[in-house]
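Please read the structure below before turning to the comments.
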Amino acid sequence: QKEVEQDPGPLSVPEGAIVSLNCTYSNSAFQYFMWYRQYSRKGPELLMYTYSSGNKEDGRFTAQVDKSSKYISLFIRDSQPSDSATYLCAMRYGGSQGNLIFGKGTKLSVKP
Amino acid sequence: ETGVTQSPTHLIKTRGQQVTLRCSSQSGHNTVSWYQQALGQGPQFIFQYYREEENGRGNFPPRFSGLQFPNYSSELNVNALELDDSALYLCASSPSGRASVEQYFGPGTRLTVT
């Protein structure tokens, strides 16, 4: 079993839809949970990160972490064609071990 | 403020050759991490450098090596290239040392091994 599982999609939604992206993980030692957006042929861009369980909101984006279920989500409200990209979840242990463990990424397409 | 830059953008090498990839970290960032991203996969951690010392390494063989310089720029060297080394190589820099959570990625170097 991989440490981080993410459905690769692709996921296609109409403009204005609410998008839900999810990851599951197996290692309960993870403490930080990130979401990155990666446009084609570009490097990943950090959208937001959460420490431990709970919700975090930033504009149209909401990240949720449920450590009891080992499940994280990213919601995108009022999706736009410019949101079309691959969304990567990533996780990190606490302390000075700085490496991120990524999911495979979910390819999202928002149709006008 | 300049972001993370990487060079070259693209590279084609032959199996068995050696390659050096370069990364300039974001201003003020003293920690650099390298990742390999195969097509259709998430990035995989190669290693991290903090103040010119290796601070953690992923599951990559010793033919993957690195350096960090006093100005915090970094190099990734790969010897004896194999076909499976074809991937996008990403560099990420972090502020505030090894414990920093935020990693900011460069655009990557696309390496093709034939």
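Remarks
- Inter-chain shielding of A:80-86 (mean C-beta neighbours from other protein chains, 10 Å cut-off): 0
- Per-bin percent of Cα-Cα distances, chain B [5 Å]: 2, 13, 24, 26, 19, 10, 4, 1
- Within the accessible area of chain A (1.4 Å probe), percent carbon and sulfur: 46
- Summary value for chain B: 37 percent relative contact order, contacts being C-alpha pairs under 8 angstrom separated by 6+ residues.
- Atom-type composition of the exposed protein surface of chain B places 46 percent of the accessible area on carbon and sulfur (1.4 angstrom probe).
- Each of A:ILE72, B:VAL113, A:PHE30 was placed along the dipole of the protein assembly as shown (beta-carbon charges, centred on the mean Cα), and the one lying farthest toward the positive end is B:VAL113.
- Contact order normalised by residue count of chain A, Cα under 8 Å, 6+ apart, percent: 37
- All lysines inside 25 Å of A:LYS56 as judged from Cα atoms, apart from same-chain residues fewer than 8 positions distant: A:LYS67, A:LYS70, A:LYS104, A:LYS107
- Magnitude of the charge dipole, the protein assembly as shown, Cβ model with Lys/Arg +1 and Asp/Glu -1, debye to 20: 260
- Interface A:B - total buried accessible surface [probe 1.4 Å, Å², rounded to 100]: 1600
- Note on B:ASP84 and B:GLN41: the extension gain reaches 14.2 nm, defined as 0.36 nm multiplied by sequence separation minus the Cα-Cα distance.
- Inter-chain shielding of A:39-49 (mean C-beta neighbours from other protein chains, 10 Å cut-off): 4
The values are calculated or read from the model by the stated rules, or taken from the named source; none is laboratory data. All of these numbers come straight from a predicted model, not from anything done at the bench. For neighbour counting, all protein chains shown are included, and Cβ atoms are generated from backbone atoms with ideal geometry for every residue, glycine included. Note: accessible area is taken over every heavy atom of the protein model, side chains too, but ligands, DNA and RNA are not part of it. Shrake-Rupley method; radii C 1.70, N 1.55, O 1.52, S 1.80 Å.
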